[in-house]
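Here's the structure, in structure tokens; my notes come after.
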Amino acid sequence: MDRKYVFDFDSTLTRVEALDVLAEITLKGRPDREEIIREIQHITNLGIDGDISFTESLERRIRMLQANRDHLPQLIEQLRKKISKSIAANKEFFETHASQIYVISAGFREFIVPIVAEYNIPEERVYANTFEFDGAGNIVGFDETNDLAQHNGKIECLKNLDLQGEVQVIGDGYSDYVMREAGIAHKFFAYTENVHREKAARHADHITPNLDEFLFVNDLPRNLSYPKNRIKILLLENVHPVAFDNLSEDGFSVELVSHSLPEAELIKKIKGVHVLGIRSKTRVSRNVLDAADKLMVVGAFCIGTTQIELEYAKNKGAVVFNAPYSNTRSVVELAIGEIIMLMRSIFPRSMEIHSGTWNKTAANSREIRGKNLGIVGYGNIGKQLSVLAEAMGMRVYYYDIEDKLALGNAVRCDTLEDLLNVSDVVSLHVDDNPHNRNLIGSREIRQMRQGACLINLSRGFVVDIPALEEGLRSGWLSGAALDVYPEEPRSNGPFETPLRGLDNLILTPHIGGSTEEAQRDIADFVPNKIMEYINAGSTVDAVNFPNIRLPKQQESHRFLHIHKNVPGIMAHINEILASYDLNITGQYLSTDPDVGYVITDVDREYNKGVIRALKGVEHTLRFRVLY
């Protein structure tokens, strides 16, 4: 089909309104600069939405600009830096389809022509206004005889062009969609990447959040095989809003839910979702994964992943990422604080003051300097706690089932019993391995020194609660601190535990990693991993998948193939590629005992039949064309 594509310039090809940028240049140094710029922007929007005539809008703005010809080179340089993100990413489309592309703008040729020339659009296919200058080069007006200087001038301009074939208009405002309403354009695409104008969107044949969507709808060559705005991301459990911002700004469609969802609700919600973001309370069960018809990624915005059926997700082709390091410092600082609070009996003294009792005493109040700290689990958190505790004068002992290198002067214990016997404070930092259930019970508590303290910031099931209660009530333990519990509510509200009211017991609601800094770091780390996988195919740091990364290629297509790890798959894939005469420019395979994951970069041009063939390879779990 013979098509013509008519693009607006301001807020479509560029992220900005050019006259607004010109105002920022010409009014620099004036005390009322911001006020004038706001008024110019207001007048711009009135004209774009059709609330005042465009001629009036143009006249009023030019009077306020006080611009000169000498300002235009600066403006052009600024506009080069403000090309719309997806326009710049799809420059090849403009270069290869230049003969079908027109620019019709109420802006000005003086700055539009130099910008679009870089996209292979010749000036004879640019229709725009022109400035009028006085003898000193000041911009004093515009050519009022130009159709585009008039209200609804784009209609007249397009009518005069008398373009043959299907005419599609791509723009953000009133003056763009009226060409469709006037019957001289066949389709209007409301371009919302930079600004969403409700009036334009309401009249659109198609809302286009980016150029990738426009190219996808028209089956045109594009930078991405599948537009990001069509990739749906669901974030549960009040994930930090920065995660929403990061993913939205990259072009994805993101929905936020403030709480966790029980299985039945999640099964309904997961349909059509490509990426699921959770924290610790949402269970991603087999039933949920079976209901997830499009799920590619699960992002755990926390350390633990026991709430996710990792192996089942892998065999469904769903990659899982977590945040193993982002809240390490927050947990360590809470542990240090609680060690001091427990050793000094700060919590009982504070409660006494709150109840109206003054009890100044040194009884059961000890410095941490020179005391023995036993760390169970010498991973990222345990090691950092070891360093800080030693810097504060404590002697550090640690126990781990794996052989871990000691930091500083820390001493490795061969058994858990050895560590418990020697420690004044025991701090638990083990992972969510089911074998750690009731790791600390009655026997282990009695192996601790009488008067020792116990801290659990790891997993709720690690400590046997009745045993801990008995140890505290009997006085065998002088204090304890818990941040995690065997059963925790899905959302904030009532909570019951038999430990309530016990002396020198600090209870906190699973906030070890809940600092602003940690949540912000997690909100950066996990979305970055998600975007690296969606955008480039990288599985580096995935919990349940072979780790693989190839640098992004500019002049090739990238195929992602996930399959069961059985003999002959790789040979079959390459046989198919060879049968379609495709030249492989880069390829990498990584496997584990269950699945194989291969990234293949091929020449730019390919027969689409190869896609069907690769999807049809036996034992394929998931196939995707990335770009």
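Let's see how each residue does on (1) under 21 Å from ARG449 (Cα atoms); (2) among the small types (Gly, Ala, Ser); (3) outside the structural domain of ASP432 (by TED's automatic domain parsing):
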| site | (1), (2), (3) |
| --- | --- |
| GLY299 | no, yes, yes |
| ILE303 | no, no, yes |
| TYR312 | no, no, yes |
| ALA335 | yes, yes, yes |
| ARG369 | yes, no, no |
| LYS404 | no, no, no |
Can VAL463 be described as crowded, with 23+ Cβ neighbours inside 10 Å and under 21 Å from ALA335 (Cβ atoms)?
-> yes
Any chance you could count how many residues in the stretch 496-522 are assigned to a loop (DSSP other than H, G, I, E, B) and over 19 Å from GLU338 (Cβ atoms)?
-> 2
Looking at the stretch 192-199, is at least one residue touching a residue at least 40 places away in the same chain (Cβ under 8 Å), outside the structural domain of ALA536 (by TED's automatic domain parsing), of a type outside the set (A, V, I, L, M) and within 20 Å of ILE101 (Cβ to Cβ)?
-> yes
Restrict the check to the stretch 437-445 and report whether at least one residue is surrounded by 18 or more Cβ atoms within 10 Å (Cβ to Cβ), modelled with pLDDT of 95 or more and either over 28 Å from GLY370 (Cα atoms) or charged (D, E, K, R) (or both).
-> yes
Filter result (out of contact with any strand residue (DSSP E or B) (no Cβ under 8 Å at 6 or more places or on another chain) and either under 30 Å from THR515 (Cα atoms) or hydrophobic (A, V, I, L, M, F, W, C) (or both)) within the stretch 212-237 | LEU215, PHE216, LEU220, LEU224
Taking GLY277 as the residue in question, decide whether it is within 23 Å of PHE244 (Cα to Cα) and part of a strand (DSSP E or B).
-> yes
When residues of the stretch 216-234 are filtered for being surrounded by 19 or more Cβ atoms within 10 Å (Cβ to Cβ) and either out of contact with any helix residue (DSSP H, G or I) (no Cβ under 6 Å at 6 or more places or on another chain) or hydroxyl-bearing (Ser, Thr, Tyr) (or both), how many remain?
-> 3
Options TYR588, TYR597, TYR580; residue that is under 26 Å from ARG222 (Cβ atoms), surrounded by fewer than 17 Cβ atoms within 10 Å (Cβ to Cβ) and touching a strand residue (DSSP E or B) at 6+ places or on another chain (Cβ under 6 Å) | TYR588
Can you name the residue in the stretch 258-272 that is surrounded by fewer than 18 Cβ atoms within 10 Å (Cβ to Cβ) and either polar (S, T, N, Q) or free of Cβ contacts under 8 Å to residues at least 24 places away in the same chain (or both) and, of all such residues, is farthest from GLU193 (Cα to Cα)?
-> ALA264
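Table: residues versus (1) at pLDDT below 90; (2) under 21 Å from ASP176 (Cα atoms).
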residue	(1), (2)
THR55	yes, yes
GLN66	yes, no
GLN100	no, yes
PHE108	no, yes
GLU132	no, no
What residue, among those in the stretch 12-23 that are assigned to a helix (DSSP H, G or I) and modelled with pLDDT under 95, is surrounded by the fewest Cβ atoms within 10 Å (Cβ to Cβ)?
-> ASP20
Looking at GLU352, GLU367, which is the one that is acidic (Asp, Glu), outside any loop (DSSP other than H, G, I, E, B) and surrounded by fewer than 16 Cβ atoms within 10 Å (Cβ to Cβ)?
-> GLU352
Residues GLU181, GLU166: which one is modelled with pLDDT of 95 or more and surrounded by fewer than 18 Cβ atoms within 10 Å (Cβ to Cβ)?
-> GLU166
Reported set for the stretch 243-259 where residues are modelled with pLDDT under 90 and either of a type in the set (Ser, Thr, Tyr) or under 23 Å from ILE308 (Cα atoms) (or both) is SER258, HIS259
Filter the stretch 35-70 down to residues that are of a type in the set (S, T, N, Q) and part of a helix (DSSP H, G or I) and give me whichever is nearest to ASN146 (Cα to Cα).
-> THR55
Only one of GLU132, GLU110 is without any contact (Cβ under 8 Å) to a residue 12 or more places away in the chain and either part of a strand (DSSP E or B) or of a type in the set (D, E, K, R) (or both); which?
-> GLU132
Expected single match for surrounded by fewer than 20 Cβ atoms within 10 Å (Cβ to Cβ), of a type in the set (Val, Ile, Thr) and within 30 Å of PHE252 (Cα to Cα) among THR145, THR130, THR96 is THR96
Filter result for the condition that a residue is within 30 Å of PRO546 (Cα to Cα) and either under 39 Å from the mean Cα position of the chain (by Cα) or not aliphatic (A, V, I, L, M) (or both), over ASN421, ASN359, ASN327, ASN372 | ASN327
List every residue pair whose Cβ atoms lie under 6 Å apart, where the two residues are 6 or more positions apart in sequence or sit on different chains, the first residue falls within the stretch 482-494 and is of a type in the set (Val, Ile, Thr), and the second residue, located anywhere, is surrounded by 10 or more Cβ atoms within 10 Å (Cβ to Cβ).
-> VAL484/ARG459; VAL484/GLY460; VAL484/HIS510
Matching residues, the stretch 592-627, being under 16 Å from PRO567 (Cα atoms) and either among the acidic types (Asp, Glu) or within 27 Å of the chain's Cα centre (by Cα) (or both) = ASP592, ASP594, VAL595, GLY596, TYR597, VAL598, GLU618, LEU621
Check the stretch 26-34 and report whether any residue there is part of a strand (DSSP E or B) and assigned by TED's automatic domain parsing to the domain that holds PRO114.
-> no
Show the residue pairs that are 6+ apart or on different chains and have beta-carbon atoms under 6 Å apart, the first residue being within the stretch 66-86 and over 26 Å from HIS196 (Cα atoms), the second being of a type in the set (Val, Ile, Thr).
-> GLN66/THR26; ALA67/THR26; ALA67/ILE139; HIS71/ILE25; HIS71/THR26; GLN74/ILE25
Output the number of the condition that LYS552 fails; it satisfies all remaining conditions of (1) closer than 28 Å to GLY616 by Cβ; (2) crowded, with 20+ Cβ neighbours inside 10 Å; (3) touching a helix residue (DSSP H, G or I) at 6+ places or on another chain (Cβ under 8 Å).
-> (2)
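The values are calculated or read from the model by the stated rules, or taken from the named source; none is laboratory data. This is a predicted model, so every value here is computed, not measured. In this analysis, Cβ positions are derived from the backbone assuming ideal geometry, glycine residues included, and neighbour counts consider all displayed protein chains.
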